[in-house]
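Undergrad: Take a look at the following structure, please.
Derivation of every value follows stated rules applied to the coordinates shown; laboratory data play no part. Everything numeric in this text was worked out from a predicted model, so none of it was measured. Because the Cβ atoms are built from the backbone with ideal geometry, glycine has one as well, and the counts that use them run over all protein chains shown.
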Amino acid sequence: MQVKFSIFRYDASKDEKPYRQEFSLEVEPTDRILDCLDRIKWDYDGSLTYRRSCSHGICGSDAININGKNMLACQVLIQDIKKKLIRIDPIPGMPVIKDLVVDMTDFFEKYEVVKPYLIAKNPPAKERLQSQAERALIDEAVNCILCGACTSSCPSMWGNPNYLGPAALLKAYRFAFDSRDEAPAEHLEAIDTNDGVWRCHTIFNCVEACPKEINLTWHISQLKKKMVEREF
Amino acid sequence: MSYKHLGSRNSGAPGWLFQRITGIVLIVAMVGHYILMHYTPSSGHEFASTFERMQNPLWKIFYLTFVVIGLYHGLNGIWGIVRDFKMKRWISVTILGVLIIAGISFATLGFMNVLVF
């Protein structure tokens, strides 16, 4: 089948403003969007720039905006799109470096704020054990691949770029609710700010965008409940 | 470690919780008020019946609570929306000041209307 791709193009070093470039490809319904981008780059225009690494939905490097929705290019098939014209843009809310590559410095700075690591003050004599129920609390949260699809789809982040965003909050949950973490309060204090967890208004864009099907809004609501328990 | 995004140490938990509690109270109070004042002509809407009803201190307490909770919920909601946007500090402080003055003014007006009976 013939499919037309309309791709966002912009090179900050030479273009005054962005423009769109169209490519028509003969594709199979089971081709991934990433396969199509590879073919465009390899066969038509080598200057097309995008991030990719593992190509199997694990590294989280190829989050892009396809027909208005954030997705992983390596996880979406042509038949999933159901349109003959596929618009491809960089994920919104982040500065574009070139074509589909965005600057994620701010995203990772916010990630760092929540102390995204296990805080263990006392070295254990043996491995830290967890019950099945304790592990179940973080089953979804540990699946985050930090692709940024959620944070970049969040209107609260578009309105207030200082907002930590769903990815950082999910990481705070992942450690604050981990039974092995010895200082959950440190993760919680980092997000209990004007630009932290309270800026989430349960819009659910992040849930829709997450390629790992993590219910981020539910996790953020658990953080809010935890904050209230801490205060009263 | 970047502290760029760390702000006030005051917890937002009480504000978040009270917004929800007042929201639930308002649903009950609003529905009660609407049924009383707009859908049941038998309850009496003219001055005399309103005057008689308001002699009961429980109705006064109901409406005073309604005014306070409604203003808190509404103005805190606007403040929450304002804080969704990045803005200069003097602008947000000005908006907060306007909201506080509006709250005090409307509360005074509400109290005057209830306590006059």
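Undergrad: Kindly provide the helix-only [θ] at 222 nm of chain A, computed as the sum of -39,500 (n - 2.57) over DSSP H runs of four or more divided by all residues, to the nearest 500 deg cm²/dmol?
TA: Mean residue ellipticity, 222 nm, calculated: -8000 deg cm²/dmol.
Undergrad: Top mean-square fluctuation among B:MET54, B:MET87, B:MET30, Gaussian network model of chain B, C-alpha springs under 10 Å?
TA: Highest fluctuation of the listed residues: B:MET87.
Undergrad: Among the chymotrypsin sites (Phe, Trp or Tyr not before Pro) in the range A:25-123, which ones are in a DSSP loop with at most 15 other Cβ atoms within 10 Å of the Cβ? Mind listing them?
TA: A:TYR117
Undergrad: Given the Cα atoms of the protein assembly as shown, and with Rh set as the inverse mean 1/r over their pairs in the Kirkwood sense, what is Rg to Rh to two decimals?
TA: 1.10
Undergrad: Right, here's the next one. Please report the Cα spread of chain B along all three principal axes, rounded to whole Å, starting with the longest.
TA: Projected onto its principal axes, the Cα set of chain B covers 66, 24, 22 Å.
Undergrad: Set the Förster radius R0 to 35 Å, insert the Cβ-Cβ distance between A:TRP218 and B:THR65 as r into 1/(1 + (r/R0)^6), and round the FRET efficiency to 0.05.
TA: The calculated FRET efficiency here is 0.60.
Undergrad: Taking the Cα atoms of the range A:105-231, what is the range of coordinates along each of the three principal axes, in descending order and whole Å?
TA: Largest to smallest, the principal-axis extents are 47, 29, 28 Å.
Undergrad: In addition: Please compute the Kirkwood hydrodynamic radius over the range B:44-99, one decimal place, Å, based on all pairs of different Cα atoms.
TA: When all Cα pairs of the range B:44-99 are included, the Kirkwood radius is 13.9 Å.
Undergrad: So what's the back-of-envelope 222 nm ellipticity for chain B, counting only DSSP H runs of four-plus at -39500 (n - 2.57) apiece and dividing by all residues, rounded to 500?
TA: That comes out to -24000 deg cm²/dmol.
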